[in-house]
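Notes to accompany the following structure.
Quick note: the coordinates plus some simple rules give every number you see, no bench work behind them. Being a predicted model, the structure only gives us computed values, none of them experimental. For neighbour counting, all protein chains shown are included, and Cβ atoms are generated from backbone atoms with ideal geometry for every residue, glycine included.
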Amino acid sequence: MTHQVVPVRTYVAVFAALIALTIATVLISGIDLGEYNFIIALTIAVTKGSLVVWFFMHVNQSSSLTRLFVGAGFFWMLILLMFVLSDYLSRGWLPGPRWW
Amino acid sequence: MSTTLPRPETTERPNYLNVDYSWKSWLFTTDHKRIALLYLFSITAFFLVGAVFAGLMRLNLLFPDGLFEHDTYNKFFTMHGVIMVFFFLVPSIPATLGNFLLPIMIGARDLAFPRINLLSWYIYIAGGLFAVLAILKGGVDTGWTFYAPFSTTYSNTHVILAAIGVFVSGFSSILTGLNFIVTVHKMRAPGMTWSRLPLFVWAHYATSLIQVLGTPVVAITIVLLMLERILHAGIFDPNLGGDPVLFQHLFWFYSHPAVYIMILPGMGVVSEIIACYSRKGIFGYGFVAFSSVAIAVLGFMVWGHHLFVAGQSMYASMVFSFISFLVAVPSAIKVFNWTATMYKGSITFDTPMLYALGFIGLFTIGGLTGLFLATMAIDVHLTDTYFVIAHFHYVMVGGMVLAFLGGVHFWFPKMTGRLYPEMWARLAAAIIFVGFNLTFFPQFILGYLGMPRRYATYAQEFQVLHVLSTAGASILGVGYLLPLIYLSWAWRKGERSSQNPWQAKGLEWEQSPTPPPTFNFDVPPVVTERPYNYSEEVEVGGY
Amino acid sequence: MFPAAASTAAPQVDALYIYLVVLSVVMTTLIFIAIGFFAYKYRRRSPEDPMPRAIHGSLPMEVTWSVIPFLFMLVMFAWGTKLYFENYTPPRNTLDIYVVGKQWMWKVQYPDGQREINELHVPTGRPVKLTLASEDVIHSFYIPAFRLKHDVVPGSYQTFWFQATEPGRYHLFCAEYCGTNHSRMIGWVDVMDPVSYQNWLAGGAAGVSMSQLGEKLFEKYGCITCHVTNRSGPPLDNVFGHPVQLADGRTVLADEPFLRESILNPNAKVVKGYKANVMPVYQGQIDEEGLLQLIVYIKSLSQTHPQARP
Amino acid sequence: MADTDLSVASHASTALKHHFDDSEQQLESSTLGMWVFLLTEIMFFGGMFGAYTVYRNLYPAAFASTSHYMNVTLGATNTAVLIFSSLTMALAVRSAQLGQKRALLSFLTFTLILGLVFLSIKYVEYHEKWVDHHIPGPGFHYAEPQYFHQAQILFFLYFAMTGLHALHMIVRAGLLITLIAMAARNRFSAGWYTPVEMIGLYWHFVDIVWIFLFPLLYLIGRTMR
Ligand code: HEA
Ligand code: HEA
Ligand code: CUA
Ligand SMILES: [Cu+2]
């Protein structure tokens, strides 16, 4: 359970990656890419978050139980977001031709 | 009735009750068993408050023109719903029986975080005080569902106080859940594998998952509601560009899973009782255990069935309806397995068993009528009528409350070291069963006839059925009073119990003294057999 | 046991309900019989009875009692969904009536100009579409005899339709809790045969029709300046019921909710070829009834749309 | 909340609490407890993210408009500050693992300072919003009147989300101060440093929330018009 000591350079490397990604996301947000802006920004955020979880929070060394709980947290939030959105996105749909 | 009771011991050995009698030793205890009792008394008090509101409501509904002011009646059902759901039923089994038994059942000396356990009780009381304050200052009239924009803009009652009460008590629920999850994962005795966990523990584990994952969402929703009520920034107010249906989504994201917080622990209790009084292991142990988890997980994806007529997209409704039927399958699995457990058993009918059988019957009716409501075209007619009221009282009162009473009787000797008076208890169980059905069955009919809920006054033609219902409630009220009286009496004066009066299986009966000492066991328990191992002989091979 | 059935939906809902009741009764009886039988047959006769043998379970049985009930439930789901979509999808050629709910009354407007409070008159044999709006909180428009209801949500239009079959006087309830006099927000639905309905329409001091009222508002609020006179806004004839190209490339159908949004919050969906921020925001300026009149007026400008007139 | 036990545990220092079998079990329990607590935190913020998602989807134009009033420079600076604090927190845990008391103390202090820097910058931002009358409620003003209501909702969400985050920042700063006090009193050793690790987890979690808030509130929509 007690975690191994991670070399400082790993932490610094992760830090550098995080800063680089922050700069990247700020820069990209200034360019008009339509809906892709949103997708890119979120992808970068997810990457950054995962880096923190994986290295800083030592999930890379953790038991599978911990990993399960971490995964469950994000999964449940997705359930919330997806099902709420499912209502809003499909409200405008017209009832199609009677398909029965 | 087990007849071979050993003679009561004359000198009491040290147990969790007699170690110390001071107030301090109760209010600062970290012993899960004492905290369980603190909870037991507090939820009983809240139940009585909720029940008085119920009685006043039933009184009002005797007459088509009502008896009280409309506003008064509206406050009655709101306070009844809020108190019963958040301050009675959600903590009822988990925080009392669960708190008391879960560590003992898995062979632990306490919950993983005893101080957090105590903290959770204080938080619960703090939340309860806000609710009581809201009542004393004149009450709330939004319905327990707090729908916006009525609650944010139009109601001029003490919404914020009640909301704080619910918000605060939510954390007590979260902390209990957290404690249980960690305890089940990390504190099991040697040999207590997952496949040997009592079903009670499985049910509580599933419940805890819901508490931990669902409650924070309702908490934040309530924060938004309060902020909106103060600032009127419009987040749920259509006149300011907000969307009131969003509130309903966020509310039911918790509150549907919450109904499973209000049934799963009861199912756990019933599994224990049926096994004990049939002298047999639960048929299909693995399925019953796993169905609890399945209910907890699937239960998060059905909340939209409360919004079929609320302006939700028809396609979303369709998905929610479908998953609602899916979540009924694990419930069905449980009902059938309990029934099958009795097959070729050796059954006795002590009070807990009566309650358990009552539970199966009433839960089945309540659950099946849930399917009516999950059927979209039917729900259009039935939503917001007394049919819904009847449905959820069948599952919550006929289900959970009966299970709670059954559990309290079953483990009463464990908790107090004394036996309850069996004849009185059976009588009370019978009265409750009759009173309950008389109260709530007519409401199914009322609902299909079109009687809307939350009505202080109603059309003449509904009166007969309402009178029947009130008559039932009076009987039910008597039925509830009886256990209150004879259990209090038995606590002090009852016959002393042996360690295992029902000759039940399980660590709590077999390896822990009755009443248990502070750290539950004299010798650290070791588990060597499957659960409910009433008989060594096996008829049909496992699967 | 059953309330009066007075719409085409009612017998269908009743049929589905009967299916559910029968199924539930059968299931409950089976379970009760099993429990009662086991309880009797396997009761412990004396304390010396031997322990029963353990039975662990049986996979085939588990599968049976999961799959069979689920199949019955699939029928509920399919049947219920089909009915729901039918009952909530209005056919063409409906008679349109407009309802505004407010604490604690129902205000009903007919295109021809009749207005009523807490009463709704409808003819038999003709699909009627209700457009529901609320001025304050959420209400719910419920006619038990039709087996139909729909929430009335402020800030949007909700619609539902029915076709009455039996003349008579039926309850109208508000089914969503809406404050003090929620239980007094009730009224009557008068279902009449078509002839009596025509007489009723003629008898009422109808006077000005909704679209005429709407036309007045159209001038009063100055809509006419931009949409007709100087054409800085899109022309409104033949808009209702037709697809509209938006500036952002989307295409939407010009229905009541679209018109409502375009009046209250014109920048939400800007029509292609026009600029945003030209039209003033009418949110909070027009009440729900006036809004409905405006919309009926705009509807009346659309020739190709089959106008709903009784 | 969940930290009560963790911090209280320290009073007994490395002592094993009586209801645990061994310190291994105790540590595992604390760790799992912390993660379950973080799970509830995710859902807590999840409700807000749900509201955000809905309104962003309902009002894209107003959303684009409001994002022009977000101070990206300050937001980006703050992101960097938090990432830096995550690094120092990770290094603090590392020092604790190695039993290096002085390094531990200085990293913790440094982390705390970074946390305070974040809050100060946040204060500047809030102050800007205050000056611009962008606080939802009676005093709210918005330059583009057609978006008045929608912008108010979006600012409401902005304040609710960042406010909740700031609240967490304050709580964890408080926790860090206790940690520093404990470290100064030699409570930790290479054999026992559970509170450092637990509060470290919490610290990183709050940073992750910001990692998501930053693009969602400041960046997306900047180019939309
Ligand atoms: C303990 C609480 C509890 C439980 C367990 C349930 C269980 C279920 N509930 Fe209920 N429900 C509530 C409490 C509960 N409910 C409350 C409080 C409300 C109202 C809230 C409010 O508005 O104030 C409500 C409202 C409610 C609605 C919304 C009604 C409305 O307002 O319009 C719906 C709709 O789908 C629903 C469905 C279900 C279903 C499908 C189940 C299922 O889980 C039931 C599954 C069980 C069975 C099905 C029985 C056993 C099965 C068999 C014996 C198999 C045989 C079956 C067949 C052959 C089909 N419930
Ligand atoms: C969670 C648990 C729970 C429990 C245990 C109960 C228990 C009871 N409930 Fe409750 N009920 C809810 C949860 C619960 N309820 C909820 C969530 C709502 C929805 C609220 C809302 O719409 O917002 C509701 C709503 C509700 C209504 C509908 C109100 C309306 O919509 O207008 C009614 C009506 O009969 C009712 C009755 C009862 C009765 C008779 C009992 C009985 O079991 C209680 C037994 C007690 C007594 C019978 C009273 C004791 C005796 C006296 C005080 C003396 C006077 C008595 C008489 C004159 C009869 N409840
Ligand atoms: Cu209007 Cu209830
Ligand atoms: Cu539900």
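Things to note:
- Relative contact order (%) - chain C, alpha-carbon pairs under 8 angstrom, separation at least six: 17 percent
- Footprinting exposure proxy ranking of B:PHE519, C:PHE38, fewest other C-beta atoms within 10 angstrom first, gives B:PHE519, C:PHE38.
- Principal axis dimensions, region B:417-530 - Cα atoms, whole angstrom, descending: 67, 34, 22
- Measuring spread by the Cα atoms of the protein assembly as shown yields a radius of gyration and Dmax of 31.5, 103 Å.
- For region C:151-188 versus region C:14-52, the gap between their alpha-carbon centres in whole angstrom: 41 Å
- Overall form of region D:52-175: prolate. Here a/c, set by the Cα gyration tensor axes a ≥ b ≥ c, is 1.5 or more, and a/b is the larger of a/b and b/c.
- Only the Cβ atoms of Lys and Arg (+1) and of Asp and Glu (-1) were treated as charged; on that basis the dipole of region B:302-435 about its Cα centre amounts to roughly 400 debye.
- Of C:ILE286, C:GLY187, C:VAL252, farthest towards positive along the dipole that unit charges on Lys, Arg, Asp, Glu beta carbons give region C:168-295: C:VAL252
- Relative contact order for region D:51-131, counting Cα pairs under 8 Å that sit 6 or more residues apart, in percent: 31 percent
- Cα centroids of region D:163-193 and region C:216-264: 60 Å apart.
- Scoring B:429-436, C:127-134 by mean Cβ neighbours within 10 Å over their residues and listing the highest first yields C:127-134, B:429-436.
- Inverse of mean 1/r across different Cα pairs in chain C, Kirkwood, Å: 23.1 Å
- Counts of other chain beta carbons within 10 angstrom of each beta carbon in peptide B:348-359 average 1.
- Between C:GLU62, C:GLU48, C:GLU176, the residue with the greatest mean-square fluctuation in the GNM of chain C (Cα pairs under 10 Å linked by springs) is C:GLU48.
- For the peptide B:280-286, the mean number of other protein chain Cβ atoms found within 10 angstrom of a residue's Cβ is 5.
- Computed from phi, the 3J(HN,Hα) profile of region B:323-330 under the Karplus parametrisation 6.51, -1.76, 1.60 (θ = phi - 60°) reads 5, 4, 5, 4, 6, 6, 4, x Hz, with x in place of Gly and Pro.
- The lysines whose alpha-carbon is closer than 29 Å to the alpha-carbon of A:LYS48, local same-chain residues fewer than 8 away aside, are D:LYS122, D:LYS129.
- Subset of B:LYS75/C:LYS102; B:LYS414/B:LYS505; B:LYS33/B:LYS186; C:LYS129/C:LYS299; B:LYS414/D:LYS17 violating a 23 Å alpha-carbon distance limit: B:LYS414/D:LYS17
- If both residues of a DSSP beta bridge must be in the protein assembly as shown, then about 70% of such bridges are antiparallel.
- Along the axis of the charge dipole computed for chain B (Cβ charges of +1 for Lys and Arg, -1 for Asp and Glu, origin at the Cα centre), the listed residues B:LEU136, B:THR176, B:PHE336 are led at the positive end by B:THR176.
- Normalised by 2.2 N^0.38 Å, with N the number of residues, the alpha-carbon radius of gyration of region B:29-510 equals 0.94.
- Scalar couplings 3J(HN,Hα) for region D:181-188, obtained by applying the Karplus form with A = 6.51, B = -1.76, C = 1.60 to θ = phi - 60°, are 4, 5, 4, 4, 8, 6, 6, 9 Hz; x denotes Gly and Pro.
- Kirkwood estimate for chain D, i.e. one over the average of 1/r between Cα atoms, Å: 19.1 Å
- DSSP beta bridge pairing in region C:77-132, given as percent antiparallel to the nearest 5: 60 percent
- Take every Cα pair under 8 Å whose residues are at least 6 apart in sequence, average their separation, divide by the length of region A:8-93, and the relative contact order is 25 percent.
- Space enclosed by the convex hull of the alpha-carbon atoms of region A:8-93, per residue, Å³: 95 Å³
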